[in-house]
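In what follows, a structure is listed as structure tokens, so that the remarks can point back to it.
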Amino acid sequence: MRTLHLSLALVLIAAPAGAARAPDTGGTVAVHAAEVDADALSSALTSAPLLEPSSLRLGPVEAAAWPALSTGQRSRFLTDLAPEADGAVWVLTPAPRIGSESLSDSIRGCLAGWPGEALAAAEVDVRFDVTSSGVRVGLTAPVPAFPLLLEGCPGPAGAFAPDGDDRWLHRADAPGGRPYLDGVALVGSAARADLDLSPVSTAGEQLVAPWPDVWFLVPDEAARAADPWTLAADGGVARFHGDLAADLILAVRRGGRGASTRVLLPPGVAPDRPLSPAPTGDSPPLTLRPLPAGSPRLALLRSTADELTADLEARLALLLRARGWGVGDAGADTPTARIVQWRPPTADPGLATLLLAAEFGFPLTPRDTGGLLAADPADRASTALTVEQRWLDAGRAVPLLTAARTITVNPSLRGVRIRGDGLPVLDDAWWVDP
Amino acid sequence: MSAHRLAVALLGLLLLALASPAGAQEPAGSSLAAWLDAFSTRLEAVADGPRDGLTLTLTAGRGVDPRRVDKVLLPHLQRRLTDAAVVGPLLRDATHQLSISVSLEGDRVWAVGMLSGGALPAPVALAQDWPVDRELEALLGTRPARPGQGRWSMERLGTLPPGVLDLLLRDLDGDGGDDLVLLCVDGLRTYLWSDLEGRPVQDAGPVTLPARPWNRAPRGWLAWDGDAVALATSAGHRVRAALPLDALTPSPSAESPPLPLRQPDDPSRASLAWGRPASGATVVVDEAPSASGVRALQRWPGRDDAWLWVDGDGLLRGVGPAGDPTFPVRRVGDQLVLAELDGRAGPELVTTEASPPGNPDRIRIHSLTPELDRLTVLFEGALDGSVVAMDAGDVDFDGLGDLLFVEQTEGRPVLWIVRRRT
């Protein structure tokens, strides 16, 4: 044993029977985020959540720094969060260092993001009353799940502050204390990065997000009526998934970190539900014949340019061809199906279902929205899974596969966590040797 | 456990038994009964629900043993539905069909049913969750023993407060069995082992830690300092707390200055502050001090010539009477315990998996020769979360060492025990 490890561990002064080392301070982390919005990364570094997301594993720091509210959640910016009028009004009391105006600005800004989209999908309007003691948020309908929406809101301050282009410096006065790291910098090369957000990176330790991304098809009304993949036939869905061979695509593009799926809400967001048995054994080989003139055609569109989606597009085109369809250009008379990659920003199935409806125009009834925003998590899950099944039965969406969202981390960088939206939390990270 | 506490618990059980009606199906506090009742109530409330009969199927989802679903859950659910007589009889071919999937999601168990048929215009989902406790864990059989490991058992003892930093075992009540001192971010607690319940029960605390200007505390350590508990955190606490815990409050005036991580003035030595303030081990190195540091260190109980540690690269290292160990170098996690667990001569080495925080971890118990020339895996237990603290002692009065460890799950931390069957 030489150089890096200890060859003679002796000399004991009141020697302990056991020990573990404390974190070091200092050092900078180089982040490569080719496919991630730099603004989203900056927001993750420079702001802490207004309410601790229940999906984020509760670290000891959060537990210490953010006392629990009456709703059971934790916040370092609020001292109270109380409902009135059955959840149609919520009163937010800021922590001593946080002003009501600052808090109000945070919530207004937040409602421009996914929490606002969820409320809009439920046709709920919001109004604010700012007083010296806090903020009253008035809603046009009771929203018992309003605290869950606030989990998507960034608080007024975070562990780091911008320090020029693509650089962030630690804040000595950060809520919860100065972070261990000195700073964070964005780099253009994965080879120089300590932390790589690319989905295909393999070097270093892999942190896996609490739930995966989902890929599914969104056919338009003409495509739903034509049913080009013969999904409505008896056993059609099982045959479609057998032919799709999603596992092979995932093995090539994501190192096998994913699975074929027949539902929209991924594991980690919604619990397991009963499904018809998957087909066993190998699917019969696809038979391709020349398409006769006048064969029907479908336009396949995709919203992302990554290789996994490209592979899916090629495979879906093959499946169409085997069923007597060709792929055509989008036009007024051509049925269309979009391949979309979707990631719910929240682990709550009710809110995730509202966001699906908002983003893809899936229909909801007033009874649905009431259940999706209910106080009881089991009520929200029941409604979400009922609505999901209805959309699937109506062919509104065709689930394809899920793929894990990962972050690759230098093994000497400790204490990195991953948020539900796949972005890193570096507030409590430290270098083994900065 | 004190005699007084035992007497009270026995009296409580007696009263419970007397209060239960003859032929009651479940004890009043049964988690299984409460969970299935909540699910059944949802089913019974469905408009156009199954009043004329129901075909019921139950399947095992994520993390649940299919055999337990058939043998345990299905009979209990059938009996609950039949006794209430709100839904119709359970038939093989009824107009309504209910297909249920049971799965473990984090620290909760879910039953999700899809009800269809009859006058329902579309399938209706019914979901009901329940926190997993020891009863449900045992009934669902989510930690089946691996082949060849039948001599060891790994059991869930319940959940703990959030933010566990460290734990220590020692007999606190003089009953001969070890009890638990737990350090969390919000303070110090003690738990006494209850032989009646088969798990530790909180006795005192939390005694709140004094506020620090630097309040980030991702690491904390406990150590015995005579009859007192010495604790340190990476937030800078250096505190002693006398026991029993509710008699004293840690005083900030007892704090000592923070210990340095290294002393760079002597290149032949690396002096490491272990976070255990009463110790302060100095480790001598042959050459320049390691740039990688040491993550965890354990001494062979009763000897000063055998040490094992995790180096800065996460590799298991050691030094024995014959010098360097000859077991193959392997990557492990940052938790290390060296303690007698199987009643044979020599301690066992306990390691965790070198997995990132929050990712699935693994507990491994190894046998170890005194010469440190061979490591053999005796037991391996898979977990969903990270191991954040562990210690060994004899909690159940059987004379054999028990390993207690804390798993940080997506919900509250979970306390586990691994022990050798007698």
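The values are calculated or read from the model by the stated rules, or taken from the named source; none is laboratory data. This is a predicted model, so every value here is computed, not measured. Don't worry about glycine lacking a Cβ; one is built from the backbone with ideal geometry, like all the others, and counts go over all protein chains shown. These area figures cover heavy atoms from the full protein model, side chains too; ligands, DNA and RNA do not enter into them. Shrake-Rupley method; radii C 1.70, N 1.55, O 1.52, S 1.80 Å.
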* Structure fact -> Net charge (Lys, Arg +1; Asp, Glu -1) of residues whose beta-carbon lies under 10 Å from that of A:ALA322, A:ALA322 excluded, is +2
* To do: Find me the longest stretch of chain A that has none of the exposed GluC sites (Glu not before Pro), where exposed means in a DSSP loop (not H, G, I, E or B) with at most 15 other Cβ atoms within 10 Å.
  => A:124-434
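Using a/c under 1.5 as the rounded threshold, could you call the range A:367-434 rounded, prolate or oblate? The axes a ≥ b ≥ c are square roots of the C-alpha gyration tensor eigenvalues, and prolate needs a/b larger than b/c, oblate otherwise.
Here the range A:367-434 falls in the oblate category.
Take the alpha carbon gyration tensor of the range A:263-334, find the square roots of its eigenvalues, order them as a ≥ b ≥ c, and report rounded if a/c is under 1.5; if not, report prolate when a/b exceeds b/c, else oblate. Mind dumping the intermediate values first?
Values: a/c = 2.29, a/b = 1.45, b/c = 1.57.
In terms of gyration-tensor shape, oblate.
Taking a probe of 1.4 Å and counting only protein heavy atoms, give the total accessible area buried between chains B and A in Å², rounded to the nearest 100. It would help to have the intermediate numbers written out before the result.
Numbers: alone 20920 and 20570 Å², together 34960 Å².
The B and A chains share an interface burying roughly 6500 Å².
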* At a probe size of 1.4 Å, how large is the accessible area of A:SER260, to the nearest 10 Å²? -> 50 Å²
* To do: Over the Cα atoms of chain A, compute the convex hull volume and normalise it per residue, giving Å³.
  => 204 Å³
* Put A:ARG321, B:ARG419 in order of accessible area, largest first, 1.4 Å probe: what do you get? -> A:ARG321, B:ARG419
* To do: For chain A, find the longest principal axis of its Cα atoms and tell me its angle to the long axis of helix A:307-322, 0 to 90°, nearest 10.
  => 20 degrees
* Round to the nearest 10 and report in Å² the accessible area of A:ARG171, as given by a 1.4 Å probe over the protein chains' heavy atoms. => 60 Å²
* Asked: Accessible area per residue, 1.4 Å probe, Å², for chain A: what's the number?
  -> 40 Å²
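Which FRET efficiency value, to the nearest 0.05, is calculated for B:LEU400 and B:ARG51 with the Förster distance at 51 angstrom and r the Cβ-Cβ distance? Walk me through the numbers before you get to the answer.
Details: r = 56 Å, r/R0 = 1.10.
Taking R0 as 51 Å, the efficiency between B:LEU400 and B:ARG51 is 0.35.
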* Asked: Using Cα-only point scatterers and the Debye equation, what is log10 of I(q)/I(0) for the range A:86-204 at each q in 0.22 Å⁻¹, rounded to two decimals?
  -> -1.18
* Provide, for q = 0.16, 0.23 Å⁻¹, the log10 of I(q)/I(0) from a solvent-free Debye sum over equal Cα point scatterers in the range A:136-232. => -1.00, -1.21
* Asked: Distance from the Cα centre of the range B:156-173 to that of the range A:93-110, in angstrom?
  -> 37 Å
* For chain A, what does -39500 (n - 2.57) per DSSP helix run (n ≥ 4), summed and divided by total residues, give at 222 nm, in deg cm²/dmol to the nearest 500? -> -7500 deg cm²/dmol
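Can you tell me how much longer the chain between A:ASP173 and A:LEU275 gets when fully stretched, taken as 0.36 nm per residue apart minus their C-alpha distance, in nm with one decimal?
Working: separation 102, 0.36 × 102 = 36.72 nm, distance 5.14 nm.
Full-extension gain reported as 31.6 nm.
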* Can you work out the base-10 log of I(q)/I(0) for the range B:300-362 at q = 0.20 1/Å, using the Debye formula on its C-alpha atoms alone? -> -0.86
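Rank these residues by their accessible area, most exposed first, probe 1.4 Å: A:ARG289, A:ARG297, A:ARG302. Intermediate values should be presented prior to the final figure.
Values: A:ARG289 160, A:ARG297 115, A:ARG302 90 Å².
Listed by decreasing accessible area, they come as A:ARG289, A:ARG297, A:ARG302.
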* Vicinal HN-Hα couplings computed from phi for the range A:221-230 (Karplus, 6.51 cos²θ - 1.76 cosθ + 1.60; Hz; Gly/Pro x) -> 4, 5, 5, 5, 5, 6, 6, x, 9, 6
* Asked: In the range B:42-141, what trypsin sites (Lys or Arg not before Pro) fall in a loop by DSSP, with at most 12 other Cβ atoms inside 10 Å?
  -> B:ARG92
* Structure fact -> Taking placed amide H atoms and a strict 5 Å upper bound, the residues 5 or more places from A:ARG302 or on another chain that come that close are A:ILE339
* Calculate one ³J(HN,Hα) per residue across the range B:237-245 by plugging θ = phi - 60° into the Karplus curve 6.51 cos²θ - 1.76 cosθ + 1.60, and present them in order as whole Hz with x for glycine and proline. => 6, 9, 10, 10, 10, 7, 10, x, 5
* Structure fact -> Mean shadow area (nm²) of the C-alpha convex hull around the range A:65-123 is 4.7 nm²
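At 1.4 Å probe size, with the rest of the protein present, what percent of the exposed accessible area of the range A:80-219 is carbon and sulfur atoms? Each step should come with its number before you reach the end.
On the way: 2810 of 5600 Å².
Percent of accessible area from carbon and sulfur atoms in the range A:80-219: 50.
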* Asked: In sequence order, what are the phi-derived ³J(HN,Hα) couplings for the range B:155-171 according to the Karplus relation 6.51 cos²θ - 1.76 cosθ + 1.60 with θ = phi - 60°, rounded to whole Hz, with x for glycine and proline?
  -> 10, 8, 9, x, 9, 10, x, x, x, 6, 10, 6, 9, 9, 10, 6, 6
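Apply the a/c threshold of 1.5 to the C-alpha gyration tensor of the range B:20-128 and tell me whether it is rounded, prolate or oblate.
Working: a/c = 1.73, a/b = 1.20, b/c = 1.44.
Because a/c hits 1.5 or more and a/b fails to exceed b/c, the range B:20-128 counts as oblate.
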* Asked: In the Gaussian network model of chain A, springs joining C-alpha atoms below 10 Å, which of A:LEU318, A:LEU400, A:LEU351 carries the largest mean-square fluctuation?
  -> A:LEU318
